[in-house]
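Okay, so here's the structure we're looking at.
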Amino acid sequence: MTRLLVVSVIVLAGIITAVATQRNLSAGALTVVSTTPSARSLAAPVDTAVTIQFSQPISRSTILSSTVRVFGQWSGAKPGTFGFADLDQTVIFTPTTSFSAGEVVMVILSGQIRAADGSALANSHTVTFWTESQPATLQFQHADTLDVRGTAGVHTQAYGGVATDFNNDGWLDLTIINEITADARVFLNRADGSGLYNDFLLPTTPLNTQASPSAPSDFNLDGNADLAVVNIGTNSISILLGNGDGTFASQEVSVGPQPRGIAVLDVDSDGDPDIVNTNSGFDSNAGNLSILLNDGQGVFGPPTYFEGGGTREWALAAADMDEDGILDLVIGTRATSNPQVIVNKGNGDGTFTFVSARIGGQVWMLNVGDVNGDGHEDVATANSNNSTGSIFLGDGAGNLSAPMYYPIDPFPLATDLGDIDGDGDLDWATSSFSGDWHLFLNNGDGVFTLRQTFPATSASSCALMMDMNNDGTLDLALIDEIADEVQLMHNPPAPVIVITPTISITPTFISTTLAMDTAVTLPLTIANTGTGPLNWTISESFCTIPAEISWLQVTPISGTTAVSTTTTINLTLDSTGLLPILYTANLCIASNDPLQPEVNVPVTLQVTGDPPPPIPTSPPPTATPPPPNFGIYLPVIVKEG
């Protein structure tokens, strides 16, 4: 099982003791100011370049493939090219192959890098980031079940494994670690987009008794992915150096009693990845950790030991918990009394210092990632005898919150993080020996809801979140250690919803006739028949600005029209002061409709005839009464009776 799912970006040989804000610092103070992608970010494009800004101009001759290392947890060692910017204060590494979706990446800048004035980084500087995965349906499809036993049918105890590309073809392979047969069995990806695998390679790669937790890296800088595996039964670590075809050369180094957890990081600031493991011991008061130093060629010396601050140190992961640019250790203990999750600070000189501890739940495995999106590393654990998983939130200073517990099936062995739904935050999978696999979705704040349970044939031991078919979504490889099988669950991409606004104008031609010195207001309708908001403006992209036309006024001149709605524009045509002739113009409407970025509506105004009689503004004067009639007066006689 992959007990450490953290592959880190080690900017080799550079400790950040303070964030440098000056453009040029004093001689000898070479530091890393910033990186892109930023430390602990969760959704870097799979084709991202890695940019490192230094506090001083660097010497170009010291930027080499041997001094800048880039390793993807699943996609493996990355070749690439270097560029320089910002007067050589910025180095840009562009990989020649893409990362895999939803993986953790490690970059190492060695201590041999020099500033232009000759100063060097004092200690290794580490940045970890995750690549993005695409939105997925979560309608998992059972694609195949891999038989780890093979034709012999011998029980192997398939305890866990990794999904690293060991033959450099750009497709993720599956390597299963087996406790009873003491070997690694490599299933090469068919590399045809099916997300299916060939039978495991023969002969298998020998390990030693009770081989269990494992972690990939490129220990000898040959561009091929390597693998380190803990052998619990023989108190040793097997270092498998990849040949680039799914086969390995191996070295075995003795460590302390009952080793369990494993982490890969540069502990001594020499720029190559070293190994740290936990030794759980045989009794309740035992336990410590071993450090194996790499000579740069993938050869490891004898261990040195140190105390982690608890008893029965078991689970282990590496992360920059205090954000000083040096990887720290997160340790889970399985003491029957006072089990803890402990943070040890990396000092950059091959030593570690206790920082903090929280009561845990007899942790069997843990891993790290920013689950609540605050930029700090958090911890997810599987709590063996307690039958729970737990989430500890980090504060960026090496301290952890009280755990949030989640009930799962009995005896959980594994905890794995990855953005399974492609929404930009880390989701969570747990595996229980006496139960099934549980998939929890993250609401973005580090609060998880059970989405689905996957039934195990016998005993779930590990869940690898990986993109088997290179479609951009994370699939699941579910390892059963009693049935010795791997269930392949494909996670189809969500349908692509094209957000495209579509503009429609009514009418498409405007024409009116006005007598001189009159005006009329006419409507123009903008409709959005597309699938996204339509932003429009009436401007002079390729025609006369309507505002410059004295006889045409437009209100409003810009706006947004929602999907399936309309907006009415008022066009006022005014013939005041115009001669009786034909006037023409173009009304230009620019929008974000990709197919019709500009629509022209011709406008004509015919002004005719003399102006109408003026409308009086006051009542007419009263008419003069006729003069009196001085003619003959004839009285009217009314006869009575």
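Kirkwood Rh, Cα Rg: Rg to Rh for the stretch 379-421?
A ratio of 1.02.
Show me, for the stretch 160-173, the HN-Hα J-couplings you get by feeding each phi into the Karplus relation (A = 6.51, B = -1.76, C = 1.60, θ = phi - 60°), rounded to Hz, glycine and proline as x.
Each residue of the stretch 160-173 in turn: x, x, 9, 10, 7, 6, 8, 10, 6, 9, x, 10, 6, 9 Hz.
Could you rank the peptides 137-143, 259-265, 355-361 by their average count of other C-beta atoms within 10 Å per residue, with the highest value first?
Top to bottom by mean Cβ count within 10 Å: 259-265, 355-361, 137-143.
Just the number: Rg to Rh for the stretch 248-320, Cα atoms, Kirkwood Rh, two decimals.
My calculation puts Rg/Rh at 0.98.
Could you calculate the FRET efficiency of T513 with A49 from 1/(1 + (r/R0)^6), where r is the beta carbon distance between them and R0 is 56 Å, rounded to 0.05?
Once the sixth-power term is evaluated, E becomes 0.35.
What order, most packed first, do the peptides 386-395, 44-53 have when packing is the mean number of other Cβ atoms within 10 Å of each residue?
386-395, 44-53
For T336 and T576, calculate 0.36 nm times their separation in residues minus their Cα-Cα distance, and state this gained length in nm to one decimal.
Gain in length upon complete extension: 76.9 nm.
Once a ≥ b ≥ c are taken as the square roots of the eigenvalues of the Cα gyration tensor of the stretch 309-382, is the result rounded (a/c under 1.5), prolate (a/b larger than b/c) or oblate (a/b not larger than b/c)?
The shape class here is oblate.
Can you give the FRET efficiency to the nearest 0.05 for N385 and Y305, using r as the Cβ-Cβ distance and R₀ = 35 Å?
0.85
Measure off, as a whole percent, the carbon and sulfur share of the 1.4 Å-probe accessible area of the chain, all protein chains present.
Carbon and sulfur atoms account for 56 percent of the accessible area of the chain.
Under the rule of at least 5 residues apart or a separate chain, name every residue whose amide H is placed under 5 Å from the amide H of A122.
Amide H to amide H, under 5 Å and 5 or more residues apart or across chains, A122 pairs with I15.
Rolling a 1.4 angstrom probe over the protein heavy atoms, how many square angstrom per residue are accessible across the stretch 299-420?
Here the per-residue accessible area is 29 Å².
Taking amide hydrogens as modeled 1.01 Å from N in the peptide plane, which residues meet the under 5 Å criterion relative to S356, leaving out close sequence neighbours?
Sorted by chain and number, the residues that satisfy this are V343.
Quick one: 3J(HN,Hα) in Hz for the stretch 566-581, Karplus 6.51/-1.76/1.60 with θ = phi - 60°, rounded, Gly and Pro as x.
10, 10, 9, 10, 8, 10, 9, 10, 10, 9, 4, x, 8, 7, x, 9
Which whole-number value in Å² is the accessible area per residue of the stretch 166-228, probe 1.4 Å?
Normalised by residue count, the accessible surface of the stretch 166-228 is 33 Å².
Around S504, which amide H atoms from residues at least 5 apart in sequence, or from another chain, sit under 5 Å from its own amide H, with H modelled in the peptide plane?
A527, T529
I need the peptides 152-159, 58-65, 437-444 ranked by packing, meaning the mean over residues of other C-beta atoms within 10 angstrom, with the highest value on top.
For the peptides 152-159, 58-65, 437-444, the packing ranking is 437-444, 152-159, 58-65.
The values are calculated or read from the model by the stated rules, or taken from the named source; none is laboratory data. Note that this is a predicted model, so its numbers are computed, not measured. Glycine gets a Cβ as well: all are built from the backbone with ideal geometry, and neighbour counts include every protein chain shown. These accessible areas exclude ligands, DNA and RNA; they are computed on the full protein's heavy atoms, side chains included. Shrake-Rupley method; radii C 1.70, N 1.55, O 1.52, S 1.80 Å.
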